[in-house]
1. State the number of residues belonging to the stretch 73-118 that are more than 23 Å from the chain's Cα centre (by Cα), closer than 21 Å to Gly172 by Cβ and not in a loop (DSSP other than H, G, I, E, B).
2. If you scan the stretch 253-272, which residues turn out to be touching a residue at least 12 places away in the same chain (Cβ under 8 Å) and either in the same structural domain as Gly25 (by TED's automatic domain parsing) or hydroxyl-bearing (Ser, Thr, Tyr) (or both)?
3. Can you tell me which residue is nearest to the ligand (Cβ to nearest atom) among those in the stretch 284-310 that are β-branched (Val, Ile, Thr) and at pLDDT 95 or above?
4. May I ask you to verify whether Leu14 is within 16 Å of the ligand (Cβ to nearest atom) and under 20 Å from the mean Cα position of the chain (by Cα)?
5. Tell me, yes or no, whether the stretch 36-54 has at least one residue that is polar (S, T, N, Q), surrounded by 13 or more Cβ atoms within 10 Å (Cβ to Cβ) and within 16 Å of the ligand (Cβ to nearest atom).
6. Residue check, Arg342 against (1) within 18 Å of the chain's Cα centre (by Cα); (2) more than 9 Å from the ligand (Cβ to nearest atom); (3) among the charged types (D, E, K, R), all met but one. Which one?
7. Of the residues Arg365, Arg378, which single one is within 14 Å of the ligand (Cβ to nearest atom), of a type in the set (Lys, Arg) and part of a loop (DSSP other than H, G, I, E, B)?
Amino acid sequence: MMKVLFATSEAHPLAKTGGLADVSGSLPVALQDIGVDVRVLMPGYPSALAKAENLSRVFRIDLPTHGETALLRGTFPGTGVPVYLIDHAGYYGRDGLYQDQSAQDWPDNALRFGLLSQFAAWLAGSKSPLGFKADVLHCNDWQTGLAPAFLNFEKPPRPPSVFTIHNIAYQGIFPAAVVEKLGLPKESFSVDGMEYYGNLSFLKAGLVYADRITTVSPSYAKEIQTEEFGMGFQGLLSARKNVLSGILNGIDTQEWNPATDPHLYAPYSADNIAGKSANKLSLQGELGLQYNAKTPLLGMVSRMTEQKGSDVVIEAVPKLLELGVQLVVLGSGDQKLETTWRKLANANPGRIAVVIGYNEGLAHRIEAGADIFLMPSRFEPCGLNQMYSLRYGTPPVVNNVGGLADTVTHASQENLNQGEATGFVINFLDKYSLIETVSRALILYRHKLAWQKLLKNGMTRDFGWKKSAHQYLELYQDMCEG
Ligand code: ADP
């Protein structure tokens with residue numbers, strides 16, 4: 001039986017800020033379903049300690065840099081996937097996974113995630129105190145980036161490691177001074193190692209020392225080898241392209257199922273879509289929008305950052321309103337974007353609703369109640385929301401990048417004729433092409449039959465984890481064979 005230690009900094013439902021948590025919550029379940037013995041390792045944040053089930057202590061240790069630390073063992077609620085939680089109240093016992101309430105990174109993040117990385121390498125390596133001997137260490141994003149480095153400096157035998165890039169924009173960059181504190185050998189701090197322009201980059205450590213690199217869509221795997229998308233790492237990634245591949249994320253099809261979703265006002269499905277309009281009217285009511293089944297309702301749920309193209313949508317708002325739509329926006333992040341959205345909502349009561357914050361239930365209701373979903377990301381490693389919206393019969397308008405390009409089929413005449421179309425793809429993102437693409441979507445929206453066909457195409461696509469889980473298993477097997 002293949003044994004995998006899966007190290008991550010967040011996993012739904014124990015702790016979540018974004019897509020990484022969704023993947024870390026559902027990929028292990030899919031792997032378990034196909035016979036992999038996978039165990040998750042993550043920090044023991046308060047929410048994780050509260051929500052994990054069957055918790056018990058495995059050991060306690062006093063570490064030179066980090067002090068007293070315990071390892072707990074438990075299971076994910078619902079799925080029973082085993083999870084190891086690092087119990088260190090001084091590091092993880094706060095609200096906010098990476099940042100404080102005013103969106104400032106915690107000043108000790110290098111130590112917090114240095115500890116996570118160190119534990120990952122230790123528990124996967126030959127000196128592990130666990131009975132569980134991992135065949136593969138699977139690391140995710142910069143927070144676990146030092147793990148392949150720690151492992152690399154251990155004496156063999158040691159298991160191979162794979163590092164998955166969920167978003168290359170987050171690079172875990174810290175002053176050089178922390179290297180020694182973290183217990184890494186000095187020689188690792190070089191241009192061929194984890195030094196990045198005089199600083200330490202956790203991400204670079206993962207990219208340099210892991211045996212394999214994956215990212216979360218085939219298109220993004222190619223894009224990050226270019227200057228436009230590589231964010232400084234394109235050289236390293238193209239040099240390692242032989243060990244770099246893309247495996248598309250799946251979605252949790254139980255959590256995101258309009259037929260059984262407890263957050264919705266009314267259930268519906270591809271075969272019985274009537275309930276969707278009840279969700280729209282109720283959403284309009286919930287958010288103080290004008291009640292009108294016919295007014296096209298555009299929805300957006302995302303972190304408010306440059307990446308997600310929130311600013312492009314803002315620029316397009318006057319024209320979008322002229323097209324006669326309503327707009328609902330849920331998200332938080334960049335304060336300037338938040339303020340601008342608030343102002344737009346105040347200036348357009350009944351037509352634009354903006355909710356700043358994180359609200360799981362509302363995210364589900366927007367996916368269900370909106371007619372069209374906006375996701376014009378400048379780059380998108382995989383993206384989950386466009387898949388949720390496809391499944392909820394809310395055709396997405398997306399930019400032609402990364403996972404968006406890999407999951408949405410543009411409603412061209414040809415694709416419509418062949419029954420393949422599922423959404424709307426923008427080729428060069430700016431406000432003009434966004435407006436043009438939304439206009440095109442609205443034309444189709446008014447052709448009831450064609451629209452219903454489009455919804456059905458998206459709703460019946462298979463976005464489950466099964467296929468991807470098999471691809472990961474093949475990769476693990478390949479790694480073990482050397
Ligand atoms: P990313 O990981 O880049 O933020 P994804 O589309 O891959 O983007 O995943 C985002 C996840 O976070 C989705 O599950 C989405 O529903 C959720 N999400 C993002 N912002 C919010 C919010 N403000 N409220 C509720 N859920 C949100």
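The values are calculated or read from the model by the stated rules, or taken from the named source; none is laboratory data. Every value quoted in this text rests on a predicted model; they were computed, and no experiment measured them. Note that each Cβ is placed from the backbone with ideal geometry, even for glycine, and that neighbours are counted across all protein chains shown.
1. Residues that pass the stated criteria total 4.
2. Of everything in the stretch 253-272, those that are touching a residue at least 12 places away in the same chain (Cβ under 8 Å) and either in the same structural domain as Gly25 (by TED's automatic domain parsing) or hydroxyl-bearing (Ser, Thr, Tyr) (or both) turn out to be Thr253, Tyr265, Tyr268, Ser269.
3. Top of the filtered list is Val301.
4. Yes: the conditions hold for Leu14.
5. Taking every residue of the stretch 36-54 in turn, at least one turns out to be polar (S, T, N, Q), surrounded by 13 or more Cβ atoms within 10 Å (Cβ to Cβ) and within 16 Å of the ligand (Cβ to nearest atom).
6. That leaves (1) as the condition not met.
7. None of the other options fit; the residue is Arg378.
The rows are residues; the columns are (1) surrounded by fewer than 20 Cβ atoms within 10 Å (Cβ to Cβ); (2) over 22 Å from the mean Cα position of the chain (by Cα); (3) part of a loop (DSSP other than H, G, I, E, B).
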{"residue": "Glu420", "(1), (2), (3)": "yes, yes, yes"}
{"residue": "Phe428", "(1), (2), (3)": "yes, yes, yes"}
{"residue": "Thr437", "(1), (2), (3)": "no, yes, no"}
{"residue": "Ala450", "(1), (2), (3)": "yes, yes, no"}
{"residue": "Arg461", "(1), (2), (3)": "yes, no, yes"}
{"residue": "Gly464", "(1), (2), (3)": "yes, no, yes"}
{"residue": "Leu475", "(1), (2), (3)": "yes, no, no"}
{"residue": "Asp478", "(1), (2), (3)": "yes, yes, no"}
